[in-house]
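Here is the structure we will look at.
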Amino acid sequence: PTGSDDFTADDPNPTATLALGRPLTQRLSLASQLSSTLFKAGGNWKALWNAAAVLAAPINAQVGAFAGLKVEQIPDVDARLFIQAGVTYLVSDNFQLDLHAGTGLNDVSGDEFIGLGLAFRR
């Protein structure tokens with residue numbers, strides 16, 4: 001754990017993720033992700049579970065679009081449901097940016113959000 005007390009956990013929060021993807025057609029693909037993060041709350045370890053499914057399609061050689069649904073679950077707490085959509089931009093063969101926005105679909109999910117992501121491979 002690093003950072004100021006307002007923005008960090010006092011303990012490590014290990015995460016395991018399984019990501020799968022498959023083309024459905026020449027222009028449409030489906031990706032899914034299942035992950036779990038352990039965190040300490042009130043002196044007890046708990047697990048946050050995430051599951052997501054995303055449909056994606058290219059717009060041109062460098063730009064793509066995606067839309068998906070995400071579910072988050074913590075034991076003894078109502079599940080949080082989200083829908084999001086965004087665009088990707090392939091900067092190079094090994095570096096991609098994305099801009100996405102979404103909203104919660106139930107009362108416990110919160111309001112709208114916007115995010116920026118990056119992915120790179122070596």
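The values are calculated or read from the model by the stated rules, or taken from the named source; none is laboratory data. Treat the numbers as computed from the prediction; the structure is a model and nothing was measured. Counting neighbours? That spans all protein chains shown, and the Cβs are built from the backbone with ideal geometry, glycine included. In case anyone asks, the SASA skips ligands and DNA or RNA and just uses the protein heavy atoms, side chains included. Shrake-Rupley method; radii C 1.70, N 1.55, O 1.52, S 1.80 Å.
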For segment 83-111 the number of residues that are assigned to a strand (DSSP E or B) and modelled with pLDDT of 95 or more is 19
Filtering segment 27-39 down to residues that are of a type outside the set (A, V, I, L, M, F, W, C), open to solvent by 60 Å² or more (accessible area, probe 1.4 Å) and part of a strand (DSSP E or B) yields Q33
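Just the residues that are within 15 Å of the chain's Cα centre (by Cα) and surrounded by 12 or more Cβ atoms within 10 Å (Cβ to Cβ), please, taken from segment 102-118. Working first, answer last.
Taking segment 102-118 and keeping what is within 15 Å of the chain's Cα centre (by Cα), we get 102-104, 109, 112-118.
Hits for segment 102-118 are G102, T103, G104, S109, F113.
Which of the residues belonging to segment 42-76 are in contact with a Lys or Arg (Cβ under 9 Å, 6 or more places away or on another chain), part of a loop (DSSP other than H, G, I, E, B) and not acidic (D, E)?
Within segment 42-76, the first condition is being in contact with a Lys or Arg (Cβ under 9 Å, 6 or more places away or on another chain), and the residues that meet it are 46, 50-54, 57-58, 70-76.
Okay, now just the ones that are also part of a loop (DSSP other than H, G, I, E, B), so 74-76.
I74, P75 - these are the residues of segment 42-76 that are in contact with a Lys or Arg (Cβ under 9 Å, 6 or more places away or on another chain), part of a loop (DSSP other than H, G, I, E, B) and not acidic (D, E).
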Result of the Cβ filter at 6 Å on segment 96-122, keeping first residues that are of a type outside the set (F, W, Y) and partners that are assigned to a helix (DSSP H, G or I) and surrounded by 13 or more Cβ atoms within 10 Å (Cβ to Cβ), at least 6 apart or interchain, is none
Of those in segment 81-101 that are more than 14 Å from G64 (Cα to Cα) and surrounded by 15 or more Cβ atoms within 10 Å (Cβ to Cβ), the residue farthest from the chain's Cα centre (by Cα) is L81
Given the conditions (1) closer than 22 Å to E72 by Cβ; (2) open to solvent by less than 60 Å² (accessible area, probe 1.4 Å), every one holds for P58 apart from (1)
(1) closer than 19 Å to A119 by Cβ; (2) of a type outside the set (K, R); (3) touching a residue at least 12 places away in the same chain (Cβ under 8 Å) all hold for N60 apart from (3)
Going through (1) without any contact (Cβ under 8 Å) to a residue 24 or more places away in the chain; (2) surrounded by 13 or more Cβ atoms within 10 Å (Cβ to Cβ); (3) farther than 18 Å from L118 by Cα one by one, G42 fails only at (2)
